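One structure below.
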């Protein structure tokens, strides 16, 4: 596995690979890897000639009061995991080479980004879209693998690729979960042991919604209330519970087409998100 | 010369050419071609294996009160000129294939776009950046040739390519002028014969500024006043006359480094722009 530290170096390597006709698969990450990330790398490895992963804690997707400085980092461990998982090229740039002082160009999505996490984290998806546009131009992949846990991010990046005509396919990988059902996330490390035990409430809420939906419930408020009840038994605070069109992310009342159930819950140690698609 | 009508068709053709190792040179235009456009195509032809031109009157770079509907179009003539100039692929998409109804992703430049034409035309450069980002992803060129007449556009697109890491080189071609010095522009057609005769005032103003600069004048206001005096002898109205840092486009008073002198003048038939770089 080769580690590349600057955009120029990575882009040159990618261009050389493309000239040779190699299929490049790409998994962008913010590091502090868990099994969820590794499962995406395995998906890439199966379909690509060359698997590229990136580790970059992107400063522009953190708000001024968010956890940029505290975001967990462990490059040595990440490097080892990437190597063991069969990553060929690891792109690990410094913030200074990714964002010059006079950086002034941004990619904005102005519809899907208005709701859910976008409403709670203004500017977050602008940062995500901008860094992923950059990464796509640097890594030049044939396909990119993204996790389904970040449901809104996945839909926004699909929209970006469509609207800006990036020549890349997006493949999504299912959310991996701990034994009790908690979705794997680098931020789970922030939780106290007591909170960690409670954090399964997001999954339990989604399971409850699925159960009610399977039994014929089609009223969005009824599903949301059932989820809310489960969260409220813990020390977590509901940030949002939303039931939205699976494509447009518009919220609605009577469920007909497949819907996305998405929620965010704040614990003292971390804000967690999870989601499920109903009616697919 | 082959004409391609959809982004998908053009992108497939470009990908096939890249697989063959061909160098693609690209000239984006809004059509109604004049010698200035053709000179850029000739620059591309000399360095590329395959020369691609696009003709697309991009709706998103026109303001609500601007001349989108009236913008001159003559595809038959343009096609003939492209063919004669040695263009290999002509990308001529419809607005519907370029912008889907649910289009929601935009590329914004938020520093260089604040001044000059950007101040007078809010949203204009967002439209320009977005369509050029799309075109770069569709045409996949090794290099793109842009005209120096649109000085601010050139600098903003260089910034976009830098900040989003597009794997493309930007080459600029000098402004072509009519016999009397008027910069060639598709919009010159809008001018009445009397206005056409007066329109040389932009060039004359720039020549005057060069002359004063060569004689040692370094005060921006003095240069601006000299240009303004020349414009005011015509029926044209000064939209702006600006002297700005050639890179950052920040305006300043005492000229030291190379500066861009840029101006826009409104006639009843058209708003014209021109520019010169002093001290290079």
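For this structure, a couple of remarks:
- Yes/no for residue B:263 being touching a helix residue (DSSP H, G or I) at 6+ places or on another chain (Cβ under 8 Å) and on the phi > 0 side of the Ramachandran plot: no
- Residues that are surrounded by 19 or more Cβ atoms within 10 Å (Cβ to Cβ) and under 20 Å from residue B:11 (Cα atoms) within segment A:143-167 comprise A:144, A:157, A:159, A:160, A:161, A:163, A:164, A:165, A:166, listed in sequence order.
- Residue within segment A:79-87 that is surrounded by fewer than 22 Cβ atoms within 10 Å (Cβ to Cβ), in a loop (DSSP other than H, G, I, E, B) and either in contact with a helix residue (DSSP H, G or I) (Cβ under 6 Å, 6 or more places away or on another chain) or modelled with pLDDT under 95 (or both) present: yes
Okay, residues lined up against (1) closer than 30 Å to residue A:41 by Cα; (2) crowded, with 20+ Cβ neighbours inside 10 Å:
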| site | (1), (2) |
| --- | --- |
| A:177 | yes, no |
| A:181 | yes, no |
| A:184 | yes, no |
| A:190 | yes, no |
| A:208 | no, no |
| A:236 | no, yes |
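- Note on segment A:256-280: residues that are more than 19 Å from the chain's Cα centre (by Cα) and under 18 Å from residue A:221 (Cα atoms) total 5.
- Scan of segment A:230-252 for residues that are within 16 Å of residue A:199 (Cβ to Cβ) and within 14 Å of chain B (Cβ to nearest Cβ), ordered by number: none
- If you go through segment B:82-130 and keep only what is farther than 30 Å from residue B:242 by Cβ, free of Cβ contacts under 8 Å to residues at least 12 places away in the same chain and touching a strand residue (DSSP E or B) at 6+ places or on another chain (Cβ under 7 Å), you end up with just B:104.
- All positions within segment A:32-73 that are part of a helix (DSSP H, G or I) and in contact with a helix residue (DSSP H, G or I) (Cβ under 6 Å, 6 or more places away or on another chain): A:38, A:41, A:59, A:60, A:61
- Members of segment A:3-13 found to be within 12 Å of chain B (Cβ to nearest Cβ) and closer than 12 Å to residue A:53 by Cα, listed by number: A:10
- Being free of Cβ contacts under 8 Å to residues at least 24 places away in the same chain and over 22 Å from the mean Cα position of the chain (by Cα) is a description that applies to residue A:9.
- Scanning segment B:224-234 for residues that are crowded, with 18+ Cβ neighbours inside 10 Å and either out of contact with any strand residue (DSSP E or B) (no Cβ under 6 Å at 6 or more places or on another chain) or in a loop (DSSP other than H, G, I, E, B) (or both) returns B:230, B:234.
- In segment B:31-48, residue farthest from residue B:182 (Cα to Cα) [restricted to those that are out of contact with any strand residue (DSSP E or B) (no Cβ under 7 Å at 6 or more places or on another chain) and surrounded by fewer than 19 Cβ atoms within 10 Å (Cβ to Cβ)]: B:46
The values are calculated or read from the model by the stated rules, or taken from the named source; none is laboratory data. On a predicted model such as this, the values are computed, not experimentally measured, just so you know. Methodologically, a virtual Cβ is constructed for each residue, glycine included, from the backbone with ideal geometry; neighbour enumeration extends over all protein chains shown.
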